[in-house]
Amino acid sequence: SSRLGSPAAPPRSVPPQSVPAMPAMKRPAAAKVASTEKKPRVDPLTKEVRKASAGLHEAPVAREVISMVESMLHNALTTFKEQRHSYQCSAVGMAETLLHSAEEEFAKQVADVEAEIGALAAEEAVRSRAIEEAEALMEEKAKVANNAKNSLVGEARAFVAAKQAKEAAEARLLSFRSLQEIAANKERVLEAERSYLKPLIEGVDGAEGASAKDMAHKLVKELKSVDSSMDSSLLAALPTAAGKAPADRGAFDAMVLTQLQTVITQRAEAFDKESQEGEKAKAAAAAALDAAQQTFKNAQEQQLVAAEAFKAARDEHRRTEEAHGDALRALQQVKPEARKLAKRQTVAERRLLAFREGPLAAFRSLRDREPEPEALKAEGEEPQAEVTVEAEGASEAKGQEPQAEAVVEVDGAAEATVM
């Protein structure tokens, strides 16, 4: 009963078994149809025909004409020269005419550039000569300006010398005292002798009743004002000698008075002589001043003339320098144009050479193509070597797929033959 009454034990949990993961399956590679299909190669003969046809588009004619000739050219050029019928020969002839016209157009472009280069070279030569002429003229004007400058320097020095001579003549003329001044001084000396010296020598009082010493002092003052160069020691002894009565004067006193009288007399005579000689010297100095003033005026005028000449020569020299600079710049302007023309010439010559070595050479090779001798064919060439792309096109038009592989093989054979 215990068995029946006891509850059932719960079932044990069984750990889940791990299921191995299936390997990732690769997607089946897509069928590379395109890789298995081989594009037929264009045989060298067709390549040469296309190259020659490309040259037709360089001809200076209407596009319709080029398209017409190009449509007939393939059959004509892939046919041997001796096997062409009249229409094929006509197509070859028209193609040759177009290619020659294209060649002439390229050659004309080269000739035109060469003509421009020649004209530019002539212009460059003209401008180079202009530079040489400008340099020669500039050097000539530089010499003229330098000579004018030296002349101006000489005239300036002459002007300075004339000015100094004029100033010296003016100073000399001013150094002469006037005749009125000389006469006035002579009269003052004689008046001093009459009014003061003689009364003092004779012992007579002055008219104004002044004492002898006062008269002596007035005499000294007057003589100094007339001539400051008089003997100062003699004038200093005068008041003492003159202040004594004639009977009280000694030998020295008498000598002072007598000597002073002699000096006054000599000074009056000197004034007379100065008056006579000074008039002549002053007239000569005035004449010298007139001459100096005229020389100064002439020098001043010559200096102005030389200054104007130098200014004109300098301005002319500067204009030649500017002209020389313009000539140099004009020549420099030619060089960029010359470089452009040189590049154009190179391009034109390369285009002409590429046309001659490309389309024109290919056309001439195809134009004169002849069948190969039977001896060369017997050495191992397959008979299908002469099959062209047109044959390929024909077989495709008929729907014969096996012939496409044959054309590819024939292309290889033809290419080996051409090579």
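The values are calculated or read from the model by the stated rules, or taken from the named source; none is laboratory data. No experiment lies behind these values; they were computed from the predicted model shown. No Cβ is skipped: glycine too gets one built from the backbone with ideal geometry, and neighbour counts run over all protein chains shown. For the accessible areas, the whole protein counts, side chains as well, though only heavy atoms, and no ligand, DNA or RNA atoms are used. Shrake-Rupley method; radii C 1.70, N 1.55, O 1.52, S 1.80 Å.
Every listed requirement among (1) surrounded by 15 or more Cβ atoms within 10 Å (Cβ to Cβ); (2) at pLDDT 95 or above is met by ALA306 save one, (2). As a summary of the residue check, ARG27 satisfies the conditions (1) over 30 Å from LEU353 (Cβ atoms); (2) modelled with pLDDT of 90 or more except for the one numbered (2).
Only one entry in ARG329, ARG344, ARG314 is more than 24 Å from GLU123 (Cβ to Cβ) and open to solvent by 70 Å² or more (accessible area, probe 1.4 Å), namely ARG314. Scan segment 321-343 and tell me whether some residue there is basic (Lys, Arg), farther than 30 Å from ALA107 by Cβ and assigned to a helix (DSSP H, G or I). Yes.
If only residues of segment 77-89 that are surrounded by 14 or more Cβ atoms within 10 Å (Cβ to Cβ) and without any contact (Cβ under 8 Å) to a residue 12 or more places away in the chain are counted, the one that is nearest to the chain's Cα centre (by Cα) is THR79. SER67 fulfils the conditions (1) in a helix (DSSP H, G or I); (2) in contact (Cβ under 8 Å) with a residue 12 or more places away in the chain; (3) open to solvent by 30 Å² or more (accessible area, probe 1.4 Å) except for a single criterion, (2). Selection of segment 348-376 for residues being within 16 Å of PHE106 (Cα to Cα), open to solvent by 80 Å² or more (accessible area, probe 1.4 Å) and without any contact (Cβ under 8 Å) to a residue 60 or more places away in the chain yields ARG350, LEU353, GLU357. Only residues that are touching a residue at least 24 places away in the same chain (Cβ under 8 Å) and out of contact with any Phe, Trp or Tyr (no Cβ under 8 Å at 6 or more places or on another chain) were counted in segment 90-104, giving 4. Suppose the filter is among the charged types (D, E, K, R), modelled with pLDDT under 80 and either touching a Gly at 6+ places or on another chain (Cβ under 7 Å) or closer than 19 Å to ALA270 by Cβ (or both); does ASP227 pass it? Yes, satisfied. Might you let me know whether segment 240-250 holds any residue that is without any contact (Cβ under 8 Å) to a residue 40 or more places away in the chain, in a helix (DSSP H, G or I), under 14 Å from LYS198 (Cα atoms) and open to solvent by less than 80 Å² (accessible area, probe 1.4 Å)? Yes: segment 240-250 contains one or more residues that are without any contact (Cβ under 8 Å) to a residue 40 or more places away in the chain, in a helix (DSSP H, G or I), under 14 Å from LYS198 (Cα atoms) and open to solvent by less than 80 Å² (accessible area, probe 1.4 Å).
Screening ALA171 against (1) modelled with pLDDT of 80 or more; (2) farther than 20 Å from GLU277 by Cα; (3) of a type outside the set (S, T, N, Q) leaves a single unmet condition, (2).
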